[in-house]
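The structure under discussion appears below in the form of structure tokens.
Just so it is clear, none of the values below were taken in a lab; they were calculated from the coordinates. Predicted model only: the values in this text are computed from it and were never measured. Every residue, glycine as well, gets a Cβ built from its backbone with ideal geometry; the counts of neighbours run over all protein chains shown.
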């Protein structure tokens with residue numbers, strides 16, 4: 001009888017050890033699953049962000065080419081008063097605006113983040129924009145092309 005009780009106790013202890021091992025394995029598998037799920041979510045978010053960045057890059061490259069056309073239209077408007085050219089120019093600007101592409105707002109103060117200085121003009125107020133040579137544009141708060149300016153260099 002003693003042997004039976006000892007065997008039952010040993011059997012219960014073995015069962016208890018097996019159950020605790022199974023619980024540990026189960027917990028480990030659950031933690032592994034959670035990590036894999038988190039990795040997948042991070043991967044999916046990263047891929048979405050990369051897709052968006054690539055699409056924006058392609059738009060930016062296309063718009064930079066369009067801006068050359070807009071610049072040429074603006075040059076032609078200086079010499080030509082044709083209403084058709086004015087209309088086409090306005091349509092281009094409206095199309096750019098509709099797609100979140102805007103002219104950089106000009107102020108008198110030189111800002112190196114939005115302006116590119118090509119000449120320093122003497123006898124003018126320092127760091128003041130003297131002349132805008134080429135308009136700059138932004139896309140979603142990012143400078144696509146800086147405004148090219150002449151800046152005063154002081155006396």
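Given R₀ = 30 Å, FRET efficiency for residue 56-residue 82 by Cβ-Cβ distance, to 0.05?
Numbers: r = 35 Å, r/R0 = 1.16.
It comes to 0.30.
Answer rounded, prolate or oblate for segment 50-98, using the Cα gyration tensor with square roots of eigenvalues a ≥ b ≥ c: rounded when a/c is under 1.5, else prolate when a/b is larger than b/c, else oblate.
Values: a/c = 5.68, a/b = 2.64, b/c = 2.15.
In terms of gyration-tensor shape, prolate.
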Degrees, to the nearest 10: 83-98 long Cα axis against longest axis of the chain: 20 degrees
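Pairs of Cα atoms under 8 Å, at least six residues apart: use those to get the relative contact order of the chain, whole percent.
Details: 146 pairs, mean separation 26.2, N = 155.
Relative contact order, the chain: 17 percent.
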Cα gyration tensor, segment 68-155 - rounded (a/c under 1.5), prolate or oblate: oblate
Cα-based helix-to-principal-axis angle, 2-79 vs the chain, degrees rounded to 10: 10 degrees
Cβ crowding within 10 Å averaged over residues, with 128-141, 32-45, 76-89, 57-70 ranked highest first: 128-141, 57-70, 76-89, 32-45
Distance between segment 73-88 and segment 44-64 - C-alpha centres, whole angstrom: 33 Å
Label point distance in nm, residue 68-residue 36, each placed 7 Å from Cα along Cα→Cβ: 5.2 nm
Label-point gap, in nm, between residue 118 and residue 22 - each point 7 angstrom along Cα→Cβ: 8.0 nm
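In the calculated pair distance distribution of the chain, what percentage of Cα-Cα distances lie above 20 Å?
On the way: 8429 of 11935 pairs.
Tail of P(r) above 20 Å: 71 percent of Cα pairs.
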